[in-house]
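Data block below; observations after.
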Amino acid sequence: MNQHLRPDPVPFIDIGAQRRRLGTSIVEAVGRVLHHCQFINGPEVTQLEAELAAYTGAKYVVTCASGTDALLMVLMARGVGRGDAVLCPSFTFCATGEAVALTGATPVFVDVDETTFNMDASALKRGIATAKRLGLKPKAVIPVDLFGQSADHDSIGAIAEAEGMFVLDDAAQAFGASYKGRRLGTFGLVTATSFFPAKPLGCYGDGGAIFTDDAALAADLRSIRVHGQGSDKYDNVRLGLTGRLDTMQAAVLIEKLKIFEDEIAARNAVADRYARGLGNLVSVPRLASGCTSVWAQYTIRLPEGCDRDGFAASLKAQGVPTAIYYPKSMHQQTAYRGYPVADGGLPVSEKLSDDVISLPMHAYLDEPVQQRIIKAVRDALGA
Ligand SMILES: Cc1ncc(COP(=O)(O)O)c(C=O)c1O
């Protein structure tokens, strides 16, 4: 095709638009850190933890270096290890099961619900039975609030409680979403999130946070964050990590938190427009009752028999990028094939890995550009 006829490419996520909106506020916030030079454990870290606690309603917030560290630190704090089973959805980003495997425990993969993409409660029960049959102790469950929508926390919490397991909510993609009127960060024993730049609330590097109402757990997490430090700085009392969020990232997040609610509203407006424009053509994401989403991704399912690669190529030719989250569920990936899956297999995860595709989604996607995307989808499907 003649290059001059190619339509302007649409960004998949427009971090630059947000950067322009924030203007000098971020530069000034980072400038303050450069001025006081407390690059580690500076006052912005404490301020951010207080603001995140107020925002979610969690009593304690421990910021950390990434969403992966957030998951790992919790599992370390709870002594999860060899012989333990941790139930995870397979249709998720790899960090969910990876953190489990890093502790020496066994991730047991369970299936997800076809409409919400989140952990299916009946599949969780099957996974627990599988773990027991294999001689593992079911210790924890990690529901993931995938693509921004909260999981079914009541059903999962009830199953976990009956089994004496704790719930570690992986809200890496869903910080800001709520379930039955309560913000994520307050379900289960503890919640982990990520501030990776592409997340709905992202910093300008890696970052994460852990939320809990359990004072003892919060204290252990603060110790693990600094190599397992005890009250005597040079007597480390447990194994830990260099797991801190640095002060500059905290300063960035404080500024971004100020516009976050507004951005969530904008993301919801984008999702509504997609649903109106595409709902009669493809399977668009649906919110389960009581759940809200921050739309980390807008993931559609293509009609049976549709060639996904051809569909993506057709959109690309119109300047519309797409992404596939996730072309392989965790149990289908090389590093995780050896771990158990719940009895009955994971047919939904495998089907989703074959037919999902995500469209551009961010708070700055204006209506004319979005109509271009919708038209490209309709054209690609011959509608
Ligand atoms: C569901 C899920 N869990 C965990 C993580 C890990 O977060 P991070 O990249 O900050 O380590 C991610 C990040 O993409 C994620 O999507």
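The values are calculated or read from the model by the stated rules, or taken from the named source; none is laboratory data. Bear in mind that the values here come from a model prediction, so they are computed numbers and not experimental data. No Cβ is skipped: glycine too gets one built from the backbone with ideal geometry, and neighbour counts run over all protein chains shown.
Take region 325-383 and flag every residue that is closer than 29 Å to Ala265 by Cα and of a type in the set (Val, Ile, Thr).
If the condition is that a residue be closer than 29 Å to Ala265 by Cα and of a type in the set (Val, Ile, Thr), then Val356, Ile357, Val369, Ile373, Ile374, Val377 are the ones that fit.
For Val226, indicate whether it is out of contact with any helix residue (DSSP H, G or I) (no Cβ under 8 Å at 6 or more places or on another chain), surrounded by 16 or more Cβ atoms within 10 Å (Cβ to Cβ) and at pLDDT 95 or above.
Working: out of contact with any helix residue (DSSP H, G or I) (no Cβ under 8 Å at 6 or more places or on another chain): yes; surrounded by 16 or more Cβ atoms within 10 Å (Cβ to Cβ): yes; at pLDDT 95 or above: yes.
Yes: the conditions hold for Val226.
Quick one: is Ala177 in contact (Cβ under 8 Å) with a residue 60 or more places away in the chain and more than 25 Å from Arg286 (Cα to Cα)?
Working: in contact (Cβ under 8 Å) with a residue 60 or more places away in the chain: yes; more than 25 Å from Arg286 (Cα to Cα): no.
No; evaluated as a whole, the condition is false for this residue.
Among the residues of region 109-125, are any farther than 27 Å from Val356 by Cα and at pLDDT 95 or above?
Start the filter on region 109-125 by keeping residues that are farther than 27 Å from Val356 by Cα, which leaves none.
The answer is no, given that none of the residues of region 109-125 is farther than 27 Å from Val356 by Cα and at pLDDT 95 or above.
Of the numbered conditions (1) more than 13 Å from the ligand (Cβ to nearest atom); (2) surrounded by fewer than 20 Cβ atoms within 10 Å (Cβ to Cβ); (3) within 27 Å of Glu263 (Cβ to Cβ); (4) of a type in the set (D, E, K, R), Asp235 fails exactly one; give the number of that condition.
Condition (3) is where Asp235 drops out.
If you take the residues in region 257-302 that are of a type in the set (S, T, N, Q) and over 18 Å from the mean Cα position of the chain (by Cα), which one is nearest to Asn118 (Cα to Cα)? Before you say what the answer is, go through the steps one by one.
First, the residues of region 257-302 that are of a type in the set (S, T, N, Q): 268, 280, 283, 289, 292-293, 297, 299.
Add one more test, that the residue is over 18 Å from the mean Cα position of the chain (by Cα), and what stays is 280, 283, 289.
Numbers: Asn280: 23, Ser283: 16, Ser289: 13 Å.
Among those that are of a type in the set (S, T, N, Q) and over 18 Å from the mean Cα position of the chain (by Cα), it is Ser289.
Give me the strands (runs of 3 or more DSSP E) completely within region 128-224, filtered to those with at least 1 residues that are within 20 Å of Ile254 (Cβ to Cβ), ordered by residue number. First the steps, then the outcome.
Values: elements: 137-141, 166-170, 190-194, 208-212.
Strands (runs of 3 or more DSSP E) meeting the threshold: 190-194, 208-212.
Can Asp262 be described as exposed (fewer than 15 other Cβ atoms within 10 Å of the Cβ) and either farther than 21 Å from Leu359 by Cα or among the charged types (D, E, K, R) (or both)? Steps first, please.
Values: exposed (fewer than 15 other Cβ atoms within 10 Å of the Cβ): yes; either farther than 21 Å from Leu359 by Cα or among the charged types (D, E, K, R) (or both): yes.
Taking the combined requirement at face value, the residue satisfies it.
Tally up the residues in region 273-322 that are at negative phi and either in contact with a Pro (Cβ under 9 Å, 6 or more places away or on another chain) or of a type in the set (Lys, Arg) (or both), please. Spell out the reasoning first.
Of all residues in region 273-322, those at negative phi come to 273-289, 291-294, 296-304, 306-318, 320-322.
Restricting the remaining residues to those that are either in contact with a Pro (Cβ under 9 Å, 6 or more places away or on another chain) or of a type in the set (Lys, Arg) (or both) gives 273-276, 281-283, 286, 293-294, 296-301, 308, 312, 315-318, 320-322.
Number satisfying all stated conditions: 25.
Only one of Pro143, Pro200 is within 15 Å of the ligand (Cβ to nearest atom) and either touching a Cys at 6+ places or on another chain (Cβ under 9 Å) or under 15 Å from Leu75 (Cα atoms) (or both); which?
Values: Pro200 fails: either touching a Cys at 6+ places or on another chain (Cβ under 9 Å) or under 15 Å from Leu75 (Cα atoms) (or both).
Testing whether each residue is within 15 Å of the ligand (Cβ to nearest atom) and either touching a Cys at 6+ places or on another chain (Cβ under 9 Å) or under 15 Å from Leu75 (Cα atoms) (or both) leaves just Pro143.
Out of the residues in region 48-71 that are within 9 Å of the ligand (Cβ to nearest atom), part of a helix (DSSP H, G or I) and farther than 17 Å from Tyr336 by Cβ, state the one that is nearest to the chain's Cα centre (by Cα).
Applying the filter and picking the extreme gives Gly67.
For region 1-53, enumerate the residues that are of a type in the set (Asp, Glu) and more than 24 Å from Leu315 (Cα to Cα). Don't jump to the end; show me each part of the working.
Within region 1-53, the first condition is being of a type in the set (Asp, Glu), and the residues that meet it are 8, 14, 28, 44, 49, 51.
Within region 1-53, Glu28, Glu44, Glu49, Glu51 meet the criteria.
Only one of Val74, Val45, Val27 is assigned to a helix (DSSP H, G or I), among the aliphatic types (A, V, I, L, M) and within 16 Å of the ligand (Cβ to nearest atom). Can you tell me which?
Val74
Inspect region 85-98 for any residue being away from the ligand (no atom under 16 Å from the Cβ) and in a loop (DSSP other than H, G, I, E, B) and give the result as yes or no. Outline the logic, then answer.
Taking region 85-98 first, the residues away from the ligand (no atom under 16 Å from the Cβ) are 85.
So of that shortlist, the ones also in a loop (DSSP other than H, G, I, E, B) come out as none.
Within region 85-98, not a single residue is away from the ligand (no atom under 16 Å from the Cβ) and in a loop (DSSP other than H, G, I, E, B).
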